[in-house]
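Notes for the one structure printed next.
Just so it is clear, none of the values below were taken in a lab; they were calculated from the coordinates. The structure presented is a predicted model; accordingly, all values stated were derived computationally and were not measured. So basically every Cβ, Gly included, is an ideal-geometry build from the backbone, and we count neighbours across all protein chains shown.
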Amino acid sequence: MSTRPLTAGKLPLTELAELKHRGERIVMVTAYDYPSGRLADDAGVDVVLVGDSAAMTVLGHDSTVPATMEDMLLLARATARGAVRPLVVADMPFGTYQVSDEDAIRNAVRFVKEAGVDAVKVEGAGPTLHRTVALVGAGVPVMGHLGLTPQSATMLGGYRAQGRTARRAQQLLDDALALEAAGCFALVLECVPTPVAERITGALAIPTIGIGAGAACDGQVLVFHDLLGLYEGRSPRFVKRYAELGVEIRAALERYAADVRSGAFPAEEHGYAMPQEELTLFRAATT
Ligand code: KIV
C-alpha cells in the first residue's frame, strides 16, 4: 500500500525532481498492457515504464533488440489507457533513434501523439546526447539510461554489471552529468556498483532510478514479470520477487482444464435460462 498521498490527476513531470529534493523515493515499474497499467496505477506507482523488455517478457524474443515501433506503440497505447495517474514513459526501440535527430523526433512524437505517453526513454550517452537535445528541443521529455544498456549488451560483453573499474565508473559519472546537461528529466542506472550509483545520484539534480544499482538511488524500477514471478527459473540477483504468480496461474489453468474435461465446468449457474413458454415454442418448432 502507498504511504504517500496521491495526486488527483496525472503526476506532474516536475514532481519527480521535487520528490528527490524532499528525499522521497520514486517508485517505477514496467507495464505492457491495459490491466498491468491499471494495476500499477491502483497500487500508487509513480512512473510506469513501457519497457522494450516487452520484447522478452511479452513477445518471447531472447533480447530487447527485435522490438519494433509498431510493437511498442500497441503496448504503450494500451498501457497509457490503464495508467492514468502515473507518468507513462515508453522505451524507444533499438534502431528508432540511432540514425538521425529527425528520425528520433519523428518516432518519439509518434509515442506521444499515437500512444498518449508522457515521455520516452533512450539508452546510452555519446551519440544519444545529441538525440536528447533534439528530442527535448522538440518538446518530448526524455529519460536517460546508463550502465547495463540492454540494447547494446553485445557490445558491453553481455548482461553484466558496468562501471566496476575507477576509469569506467568515472565515465559513467561524466555520461550522467552530460545527459542531465542535455535535458534528461531522470536517469535509469542499471547494474551499476552501489557506491558508483550513490556518487552519481549525489552529483545530479535530476533523480536516478536504480535497477541493480543499490539503495542510494532516488527511486527503483523492476520489471513487472520479475517482481511478480510470472516465469519460472532464476531471476537476476537484483530482483526481489513479491509473488509467484506464474505458479498460481499455471495451477489455475490446470484446474480449469481438469474441470472442462470432467464436465465440472460449466455448472448450471454459469448458463442462461429462457422463459418456459418460449422454450416450449422453440422445441415444438424444431422437432
Ligand atoms: O526495458 C526495460 O524494462 C527497462 C528497465 C529494465 C529499466 O529498460
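Going by neighbour counts of Cβ atoms within 10 Å, the residues HIS61, HIS21 line up, fewest first, as HIS21, HIS61. Inter-part distance, the stretch 167-244 to the stretch 37-96, computed on C-alpha centroids, equals 18 Å. The amide H of THR64, built 1.01 Å from its N in the peptide plane, has no neighbour under 5 Å, considering only residues 5 or more places off or on other chains. Using the Stokes-Einstein relation with a Kirkwood hydrodynamic radius computed over Cα pairs, the translational diffusion coefficient of the stretch 103-208 at 10 °C and a viscosity of 1.306 mPa s comes to 113 µm²/s.
Loop-located chymotrypsin sites (Phe, Trp or Tyr not before Pro) in the stretch 189-287 (DSSP state not H, G, I, E or B) with no more than 11 neighbouring Cβ atoms inside 10 Å: TYR242, TYR272. For LYS113, the aspartates and glutamates whose Cα comes closer than 20 Å to its Cα, not counting residues fewer than 8 places off in the same chain, are ASP33, ASP52, GLU70, ASP71, ASP91, ASP101, GLU102, ASP103.
The order of ILE26, ILE249, ILE206, going from fewest to most other C-beta atoms within 10 Å of their C-beta, is ILE249, ILE206, ILE26. Three principal axis extents of the chain based on alpha-carbon atoms, in descending order, are 85, 40, 39 Å. By the equivalent-ellipsoid construction on the alpha carbon gyration tensor, the stretch 95-162 comes out with semi-axes of 23, 12, 10 Å, ordered largest to smallest.
On C-alpha positions alone, give me the angle between the axis of helix 101-115 and the longest principal axis of the chain, in degrees, nearest 10. The two axes meet at around 30 degrees. Between the helical axis of 166-182 and the longest alpha-carbon principal axis of the chain there is an angle of about 80 degrees. Around the Cα centre of the chain, unit charges on the Cβ atoms of Lys, Arg, Asp and Glu (plus for the first two, minus for the last two) sum to a dipole of about 740 debye. For the residues ARG237, ARG168, ARG25, a GNM of the chain with alpha-carbon springs under 10 Å puts the largest fluctuation on ARG237.
In a shell of Cβ-Cβ distance under 9 Å around ALA67, excluding ALA67 itself, what net charge do Lys and Arg (+1) and Asp and Glu (-1) give? Charge balance near ALA67 sits at -3.
What is the angle, in °, between the Cα long axis of helix 245-262 and the longest principal axis of the Cα atoms in the chain? Nearest 10 is fine, range 0 to 90. It works out to around 20 degrees.
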